[in-house]
1. Restricting attention to the stretch 108-138, which residues are over 17 Å from THR71 (Cβ atoms), open to solvent by less than 50 Å² (accessible area, probe 1.4 Å) and touching a strand residue (DSSP E or B) at 6+ places or on another chain (Cβ under 8 Å)?
2. Which residue is nearest to the chain's Cα centre (by Cα), if the candidates are limited to the stretch 36-62 and must be open to solvent by 50 Å² or more (accessible area, probe 1.4 Å) and aliphatic (A, V, I, L, M)?
3. Residue under question is GLN3, and the condition is that it be in a helix (DSSP H, G or I), modelled with pLDDT of 90 or more and open to solvent by 20 Å² or more (accessible area, probe 1.4 Å); does it hold?
4. Right, LEU65: open to solvent by less than 40 Å² (accessible area, probe 1.4 Å), in contact with a Gly (Cβ under 7 Å, 6 or more places away or on another chain) and not small (Gly, Ala, Ser) or not?
5. Could you tell me how many of the residues in the stretch 21-35 are part of a strand (DSSP E or B) and either exposed (fewer than 14 other Cβ atoms within 10 Å of the Cβ) or free of Cβ contacts under 8 Å to residues at least 24 places away in the same chain (or both)?
6. With the requirement that a residue be in a loop (DSSP other than H, G, I, E, B) and crowded, with 16+ Cβ neighbours inside 10 Å, what does the stretch 86-107 give you?
7. Any residue at all in the stretch 73-83 that's out of contact with any Asp or Glu (no Cβ under 6 Å at 6 or more places or on another chain), of a type outside the set (A, V, I, L, M) and either exposed (fewer than 14 other Cβ atoms within 10 Å of the Cβ) or more than 24 Å from ILE114 (Cα to Cα) (or both)?
8. Could you check the stretch 66-81 and list, in sequence order, the residues that are within 11 Å of the chain's Cα centre (by Cα) and hydrophobic (A, V, I, L, M, F, W, C)?
Amino acid sequence: MAQQRKSKSIELLAVAELRRRLAENNTAKQFGFELMEAKPAKVILRMNVNEHHLQVHGVVHGGVLAALADTAGGLASYMACPPGTRVATIEMKINYLEAVEGGSVTAEAIVVRIGRHIAVVDCDVRDGSRRLVGKALMTFFVGPFRKNRKKRHV
């Protein structure tokens, strides 16, 4: 019972950290990403579609949907790791299945597998009618970043 309370306490701290990170993240602020749900290895983000999200044909720009999926995937990876773990996108693939003209969009990211330094995340992107409008598969580095890294000279 004490272990269960401790685990729940750590989860609540992690959720508070996610909310803080989203509030400080320029991309999340600019696009209006909201944290709807956060559990170990699962995060749901929501975005209300506004005019600045639209491309020239009046639908949400694919890059905006990719940013939503990527952010949800990174946060889901963070929730699957011990507190203080750093997360960085290694690779992302997204299929755009339907155009989104307005309303809201959610990204539900679930960690499929996590190893010592790699997390694989599946993400469904849905419109306000719950239509599957995008499907993303992402790979993240998870772990400590080296401090005092040597700068690369190219």
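The values are calculated or read from the model by the stated rules, or taken from the named source; none is laboratory data. Source: prediction; values computed, not measured. Backbone-built Cβ (ideal geometry, glycine too); neighbour counts: all protein chains shown. Surface areas here come from the heavy atoms of the whole protein model, side chains and all, with no ligands, DNA or RNA. Shrake-Rupley method; radii C 1.70, N 1.55, O 1.52, S 1.80 Å.
1. Of the stretch 108-138, the ones over 17 Å from THR71 (Cβ atoms) are 112-118, 127-132.
Next cut, open to solvent by less than 50 Å² (accessible area, probe 1.4 Å) only: 115, 127.
The one that is over 17 Å from THR71 (Cβ atoms), open to solvent by less than 50 Å² (accessible area, probe 1.4 Å) and touching a strand residue (DSSP E or B) at 6+ places or on another chain (Cβ under 8 Å): ASP127.
2. Per the stated criteria, the residue is MET36.
3. No.
4. Numbers: open to solvent by less than 40 Å² (accessible area, probe 1.4 Å): yes; in contact with a Gly (Cβ under 7 Å, 6 or more places away or on another chain): yes; not small (Gly, Ala, Ser): yes.
When the stated conditions are applied, LEU65 passes them.
5. First, pick out the residues of the stretch 21-35 that are part of a strand (DSSP E or B): 34-35.
Next, only the ones that are either exposed (fewer than 14 other Cβ atoms within 10 Å of the Cβ) or free of Cβ contacts under 8 Å to residues at least 24 places away in the same chain (or both) stay: 34.
So the count comes out to 1.
6. If the condition is that a residue be in a loop (DSSP other than H, G, I, E, B) and crowded, with 16+ Cβ neighbours inside 10 Å, then VAL100, GLY102 are the ones that fit.
7. Of the stretch 73-83, the ones out of contact with any Asp or Glu (no Cβ under 6 Å at 6 or more places or on another chain) are 73-83.
Filter again for of a type outside the set (A, V, I, L, M), leaving 73-74, 77-78, 81-83.
Adding the requirement that they be either exposed (fewer than 14 other Cβ atoms within 10 Å of the Cβ) or more than 24 Å from ILE114 (Cα to Cα) (or both) leaves 82-83.
Yes, the stretch 73-83 has at least one match.
8. Initially, the stretch 66-81 is screened for residues within 11 Å of the chain's Cα centre (by Cα), giving 66-79.
Those that are within 11 Å of the chain's Cα centre (by Cα) and hydrophobic (A, V, I, L, M, F, W, C): ALA66, ALA67, LEU68, ALA69, ALA72, LEU75, ALA76, MET79.
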